[in-house]
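S.K.: My questions all concern the structure below.
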Number of protein chains: 4
Amino acid sequence: MNEETKKIINRLKSIEGHVRGIQKMVEEDAYCIDIVNQIQAIQSALQKVNSQVLDRHLHTCVTTAIRGDDATERERVIGEILQVFDTKAKK
Amino acid sequence: MNEETKKIINRLKSIEGHVRGIQKMVEEDAYCIDIVNQIQAIQSALQKVNSQVLDRHLHTCVTTAIRGDDATERERVIGEILQVFDTKAKK
Amino acid sequence: MNEETKKIINRLKSIEGHVRGIQKMVEEDAYCIDIVNQIQAIQSALQKVNSQVLDRHLHTCVTTAIRGDDATERERVIGEILQVFDTKAKK
Amino acid sequence: MNEETKKIINRLKSIEGHVRGIQKMVEEDAYCIDIVNQIQAIQSALQKVNSQVLDRHLHTCVTTAIRGDDATERERVIGEILQVFDTKAKK
């Protein structure tokens, strides 16, 4: 596993622990706004993972496809990026 | 634990499993866009938990504070809602 | 017109001018990313107007409704806030 | 001016009119939540313009840069896309 993959896994492990922490807060009847703040913090953390994965994607698959000769494949990768962008905007 | 709290806990447990599933996808070198889509799905799921918690908060703490006689406390709960709204908008 | 309303109107006038400016950028074939950045700046500015309007709403209509005796009306204003929160999260 | 540019301009003109309409709503003291809903509608409309501009950008500048031999330029366009993605996520 390369360094970058390890970093992504570690971030996801930390997010998993954070989600478990929120379960405990809910069980212990923590103040609602504190729970909401923690969930928003997780959403930010997930956003960072997403950027990291997208970064890698642009440098590998997208670059290969766009430099390649298959016009359909080029369209496909561009379409995917636009879709990610639109979905992200809806979060 | 009341029904609503159980529902929130169950959603969070399912989100936790979802995050673990993404770790596996990353380890197994899944296609980047599939990973991004799964992360966006988790962000939506967290958003639903947030709405649920906020719903409860408005019906309990906020209603009590606003119906109460303490103007400072009324300001405090309103300020908190605005802050959640602004942070959310930045996600 | 009170001070706060004037402030909101002024912000909206400035946003209107900003949108006209982007039309010019598009007509003059400006660099795409510069256009995207300007549009994102407008979205931030609109977000600030939204917070301002919501702030006023919480201090007036919502406070009146929640302090009132009409349970249906209380439910209505709370439901509206939750809906704004959910829609905002999708932008 | 090509068809696509005209479409973008028309969308922006319609958004400009929409912003003016909201000014009127504020002046006439419309219900806060109606104003908030209209602002959220404009943010969606701006999001569509953004997708359109980004679509064009990916098909022109980004494709040219990535197919080109200048590694620095390739890095630059990829970096810009990631930045747009991150900023958008914060709106």
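S.K.: What single numbered condition from (1) modelled with pLDDT under 95; (2) within 22 Å of D:GLU80 (Cα to Cα) fails to hold for C:LYS88?
M.R.: Single failed check for C:LYS88: (2).
S.K.: While we're on this one: So, of the residues in the range C:24-47 that are more than 9 Å from every other protein chain (Cβ to nearest Cβ) and assigned to a helix (DSSP H, G or I), which turns out to be nearest to D:ASN37 (Cα to Cα)?
M.R.: C:ALA45
S.K.: Which of the residues spanning the range B:52-91 are among the small types (Gly, Ala, Ser) and over 23 Å from A:GLN43 (Cβ atoms)?
M.R.: Answer for the range B:52-91, where residues must be among the small types (Gly, Ala, Ser) and over 23 Å from A:GLN43 (Cβ atoms): B:ALA65, B:GLY68, B:ALA71.
S.K.: Additional query: Give the range D:31-59 a look and list any residue that's open to solvent by less than 60 Å² (accessible area, probe 1.4 Å) and farther than 24 Å from D:LEU12 by Cβ, or say none.
M.R.: Selection gives D:CYS32, D:ILE33.
S.K.: Could you grab me the full set of residues in the range D:60-81 that are more than 8 Å from chain A (Cβ to nearest Cβ), open to solvent by 20 Å² or more (accessible area, probe 1.4 Å) and assigned to a helix (DSSP H, G or I)?
M.R.: D:THR60, D:CYS61, D:THR64, D:ALA71, D:THR72, D:GLU73, D:GLU75, D:ARG76, D:GLY79, D:GLU80
The values are calculated or read from the model by the stated rules, or taken from the named source; none is laboratory data. Since this is a predicted model, take the numbers as computed values, not measurements. With ideal geometry, Cβ positions are generated from the backbone for all residues, glycine too; neighbour counts draw on all protein chains shown. Areas reflect the complete protein model, heavy atoms only, side chains present, ligands, DNA and RNA absent. Shrake-Rupley method; radii C 1.70, N 1.55, O 1.52, S 1.80 Å.
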